[in-house]
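Q: Please read through the structure below; I'll follow up with questions.
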Amino acid sequence: MSNHELENYFYITTPIYYVNAKPHIGHAYTTLTADVIRRYHQMLGEKTFFLTGTDEHGDKIVDAAKKENMGIREYVNTLSNMFKSLWPELNIHPDYFVRTTDKAHIEVVEGILKKIYDQGDIYYSEYEGLYCFGCERFYMERELVDGKCPDHNRKPEPIKEANYFFRMSRYQEWLIDHIQTHADFIQPKHYANEVLSFLKEPLEDLCISRPKTRLKWGITLPFDANYVTYVWFDALLNYISALGYPDGVYFKTFWPVSEHIIAKDILKPHAIYWPIMLKAAGIDIYKRIHVHGFWNINKSKMSKTLGNVISPMELKEKYGVEAIRYFMMREMAFGLDSDFAEDAIVQRINSDLANDLGNLFSRVLAMTHKFFGGKIPEPDPEAEIEFHLGLTQQAMNTIEIVEQSMEQFQFHRALSAIWDFINHMNKYVDTTSPWVLAKNKTSKRQLETVMYNLLEGLRIISGLIYPVMPKTSKLMQDHLAIDSTEKIHTISWLKSWKMLQTGKKLPKTITLFPRIDVTKLSGQPYPIEEAQQSQTTKPEITFDEFQKMDLRVATVLDAERVPNTQKLLKVTLNMGETRTVVAGIAESYSPSDLIGKQVIVLANLTPVKLRGIVSNGMILAGTNQGKHSIATVEKPIQPGTPLK
Ligand code: MSP
């Protein structure tokens with residue numbers, strides 16, 4: 001394919017997440033950046049492919065399954081589903097969700113291992129080293145901080161065993177040269193410098209196997225059935241197995257334009273092991289890698305081990321998807337760490353969204369209704385020059401900054417430029433004072449020009465925010481009477497001025513973002529009275545009568561909304577056997593909240609058919625102020641266990 005043709009393609013990936021813990025906002029942030037950048041490339045008119053998925057082999061996963069008292073397959077399916085079902089909840093839409101337990105992926109790993117082994121780049125040797133189970137790799141002394149793994153803050157363990165090694169050292173000079181001659185290969189620049197400084201010392205070869213005596217849950221080496229491959233050699237290949245390597249048409253079109261997004265924790269595997277693996281396998285290396293920092297809580301990385309994780313679904317419920325998307329993209333400077341604070345979300349919503357954008361939008365629309373009965377007025381080019389009413393220059397400058405920032409994944413800078421323009425427009429309203437112009441018949445041309453320019457400015461803002469806030473973008477466009485049959489408005493549509501059709505009638509104005517009343521968010525007293533009142537007294541029953549109820553513990557394997565209903569979820573349960581139950585809790589729980597949870601089920605309730613689905617039992621839950629809270633067990637317990 002020619003370079004010119006390739007310009008029309010864009011391939012973006014996230015790391016595939018370990019299924020040893022539920023998704024948190026760190027994972028959500030990376031996947032969101034991928035969704036945002038892909039939407040932006042769609043605006044550039046490109047064909048895009050967006051990949052995410054789950055990493056399901058290795059020690060950590062086996063341990064996690066054991067802790068949950070679940071079989072390994074059942075466990076990885078459940079956790080993988082949690083990631084998969086979370087993304088649409090955040091309006092994130094990957095094209096493909098890859099799993100390292102997929103057959104197609106396993107075949108690619110086997111094929112590449114064999115190729116590299118046959119050409120002599122993999123050898124067998126005894127090794128003693130310091131191994132971090134968190135990172136699933138050996139550490140060199142010089143990489144440790146006070147003798148500890150810097151990411152997991154614990155001492156790696158000495159391990160001695162015979163294993164297979166990948167001769168990375170052979171490709172060290174080639175990699176240094178590639179990084180030095182491709183200035184944007186690793187972005188932002190300080191991460192490229194970090195990698196280059198690491199590469200100043202000789203590279204140790206990479207251990208790629210585990211003996212099956214110690215770990216069975218992996219992909220068997222095609223040249224030694226006593227070993228499975230070690231996590232990185234398996235996981236990194238997802239980026240090509242998902243495209244149908246070697247012969248798939250997606251591989252041919254998208255791989256040459258591949259760009260990865262990761263956080264700094266996995267920089268070395270991605271910037272050192274991965275290009276060398278590709279080079280050794282005779283595959284072109286990826287185009288760019290984009291590295292972001294950590295979301296911290298009080299300066300510590302958010303992680304399951306530290307128990308300080310924030311649930312994306314909780315944030316969604318509290319503040320809404322659009323605000324969360326905006327907050328994450330605006331608050332973190334891509335490449336640097338950011339401290340997560342909930343009051344910063346409220347601040348961003350009230351100030352940036354409700355005040356700056358929301359007010360501007362409703363003010364301009366309300367004035368259009370007041371002065372012109374809601375019809376888009378015709379601007380007068382002469383009046384624009386005479387009274388210096390132009391907004392075009394600022395709008396075009398803004399688009400240019402957005403383009404440059406998006407090219408460098410500097411999302412916060414793009415948003416800050418858009419908000420500079422919003423604030424410029426707010427000042428423009430104040431200085432041109434349309435309400436004063438409206439009082440004077442001789443200022444009619446000025447008024448029409450000012451209002452038209454404001455509406456055009458809003459059109460451009462609606463387009464520029466699309467990648468980050470697609471729903472708000474659409475809402476704004478609907479209220480600007482922009483033809484919604486067009487799928488995505490392109491950058492070139494934004495760059496053209498005077499696209500709004502004069503004379504078109506606009507719908508009534510709306511509030512884009514209501515302000516958050518902080519006093520209503522926290523410190524709300526628990527409504528004891530209501531809970532007490534709702535307790536109705538039921539007739540006494542005997543122990544025998546109680547014994548008739550077959551109450552059992554079940555683990556939620558899957559959950560999905562029942563189409564065209566507000567309240568119903570179809571829930572698949574493991575209760576020793578697999579069962580389907582329809583539960584009326586969709587207003588309080590999204591599918592991803594439930595998957596993996598243990599619930600209590602009344603198992604011998606007469607089955608009923610709800611919306612065509614046979615419900616075989618009932619999930620127990622209480623209700624408070626219209627919100628459900630499901631009953632669960634205090635410690636994980638074998639699914640199917642009866643309750644007495
Ligand atoms: N399975 C490996 C990746 C293999 S890719 C071939 C892995 N998984 S992970 O579940 O630990 O995910 C790590 C990634 O999750 C980070 O690189 C980042 O994208 C995201 N984040 C996890 N915690 C994060 C923060 N606290 N802050 C920002 N991003 C975070 O490593």
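Q: Just to be sure before I move on: is F409 surrounded by 15 or more Cβ atoms within 10 Å (Cβ to Cβ) and in contact with a strand residue (DSSP E or B) (Cβ under 8 Å, 6 or more places away or on another chain) in the structure I sent?
A: Numbers: surrounded by 15 or more Cβ atoms within 10 Å (Cβ to Cβ): yes; in contact with a strand residue (DSSP E or B) (Cβ under 8 Å, 6 or more places away or on another chain): yes.
Judged against the criteria, F409 is a match.
Q: Next up: Just checking, does segment 276-288 include any residue being near the ligand (Cβ under 9 Å from one of its atoms) and open to solvent by less than 10 Å² (accessible area, probe 1.4 Å)? Even if it seems obvious, please write down each step before you answer.
A: Of the residues in segment 276-288, the ones near the ligand (Cβ under 9 Å from one of its atoms) are none.
No, segment 276-288 contains no residue that is near the ligand (Cβ under 9 Å from one of its atoms) and open to solvent by less than 10 Å² (accessible area, probe 1.4 Å).
Q: Looking at D352, D430, D356, D420 in this structure, which one is within 27 Å of the chain's Cα centre (by Cα), outside the structural domain of L44 (by TED's automatic domain parsing) and open to solvent by 40 Å² or more (accessible area, probe 1.4 Å)?
A: On the way: D352 fails: open to solvent by 40 Å² or more (accessible area, probe 1.4 Å); D430 fails: within 27 Å of the chain's Cα centre (by Cα); D356 fails: open to solvent by 40 Å² or more (accessible area, probe 1.4 Å).
When all the criteria are applied, what remains is D420.
Q: Give the residue that is farthest from L86 (Cα to Cα), with candidates limited to residues of segment 566-588 that are assigned to a loop (DSSP other than H, G, I, E, B) and open to solvent by less than 30 Å² (accessible area, probe 1.4 Å). Working first, answer last.
A: Going residue by residue through segment 566-588, those that are assigned to a loop (DSSP other than H, G, I, E, B) are 566-568, 575-577, 584-588.
The next check asks that each one be open to solvent by less than 30 Å² (accessible area, probe 1.4 Å); those that pass are 575, 585-586, 588.
Values: M575: 24, I585: 17, A586: 15, S588: 15 Å.
Out of the qualifying residues, it is M575.
Q: While we're here: Tell me which residues, restricted to segment 174-195, are open to solvent by 70 Å² or more (accessible area, probe 1.4 Å) and under 13 Å from I272 (Cβ atoms).
A: Matches in segment 174-195: E194 only.
Q: Let me ask something additional. Quick check on my filter: what residues within segment 241-275 are over 26 Å from H41 (Cα atoms) and away from the ligand (no atom under 11 Å from the Cβ)?
A: Kept after step one, since they are over 26 Å from H41 (Cα atoms), are these residues of segment 241-275: 265, 268-269, 272-273.
Listed by number, the residues that qualify are K268, I272.
Q: Please identify the pairs in which a residue from segment 1-20 that is assigned by TED's automatic domain parsing to the domain that holds S85 and of a type in the set (F, W, Y) has its Cβ atom under 9 Å from the Cβ atom of a residue that is at pLDDT 95 or above and open to solvent by 50 Å² or more (accessible area, probe 1.4 Å), counting only partners at least 6 apart or on another chain.
A: Once the first residue is assigned by TED's automatic domain parsing to the domain that holds S85 and of a type in the set (F, W, Y) and sits in segment 1-20, its partners that are at pLDDT 95 or above and open to solvent by 50 Å² or more (accessible area, probe 1.4 Å) give Y9/K47; Y9/P256; F10/Q42; F10/L44; F10/K47; Y11/Y250; Y11/P256; Y11/K287.
Q: So in segment 121-165, with the set limited to residues that are free of Cβ contacts under 8 Å to residues at least 12 places away in the same chain and at positive phi, which one is surrounded by the fewest Cβ atoms within 10 Å (Cβ to Cβ)?
A: Of everything passing the filter in segment 121-165, D146 is surrounded by the fewest Cβ atoms within 10 Å (Cβ to Cβ).
Q: Could you say which residue among E74, E46, E5 is modelled with pLDDT under 95, open to solvent by 20 Å² or more (accessible area, probe 1.4 Å) and either within 14 Å of the ligand (Cβ to nearest atom) or not aliphatic (A, V, I, L, M) (or both)?
A: Details: E74 fails: modelled with pLDDT under 95; E46 fails: modelled with pLDDT under 95.
Answer to the check: E5.
The values are calculated or read from the model by the stated rules, or taken from the named source; none is laboratory data. A quick note: this is a predicted structure, and the numbers were derived from the prediction, not measured. Cβ atoms come from the backbone with ideal geometry, glycine included; neighbour counts cover every protein chain shown. Please note that ligands, DNA and RNA were not included when accessible areas were found on the heavy atoms of the full protein model with its side chains. Shrake-Rupley method; radii C 1.70, N 1.55, O 1.52, S 1.80 Å.
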